[in-house]
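No lab work stands behind these numbers, since they all come straight from the coordinates. Small disclaimer: the values here were computed from a predicted structure and weren't measured. Cβ sites come from the backbone with ideal geometry, for glycine too, and all protein chains shown count toward neighbours.
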Amino acid sequence: MNLIRSYNNWRRYRDTVTELSRLSARELNDLGISRGDIAFVAKRAASAR
């Protein structure tokens, strides 16, 4: 069960990083995220579930 949870968290992290990386600097700014914060935001999003 822990292996499955870890994999799902990793997938959510990667999906979030991919989606945020596709946004322009202006779109990220509108969300209050800098490009350097993407990994941090994705990690928080993946562990929030």
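Here are the numbers for the structure shown:
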| item | result |
| --- | --- |
| Cα lying deepest toward the dipole's positive end in the chain, options 9, 21, 41, charges on Cβ | 9 |
| Simple Cβ-charge dipole of the chain, Lys/Arg +1 and Asp/Glu -1, about Cα centre, in debye nearest 20 | 240 debye |
| Phi to ³J(HN,Hα) by Karplus 6.51 cos²θ - 1.76 cosθ + 1.60 over the range 18-26, Hz, x for Gly, Pro | 4, 5, 5, 5, 6, 6, 6, 4, 5 |
| Rg over Rh [alpha-carbon atoms, Kirkwood Rh] for the chain | 1.06 |
| Label-point gap, in nm, between residue 33 and residue 15 - each point 7 angstrom along Cα→Cβ | 1.4 nm |
| Distance between modelled label sites at residue 4 and residue 48, nm, 7 Å Cα→Cβ extension | 2.4 nm |
| Principal-axis tilt of helix 38-47 within the chain, Cα atoms, nearest 10 degrees | 30 degrees |
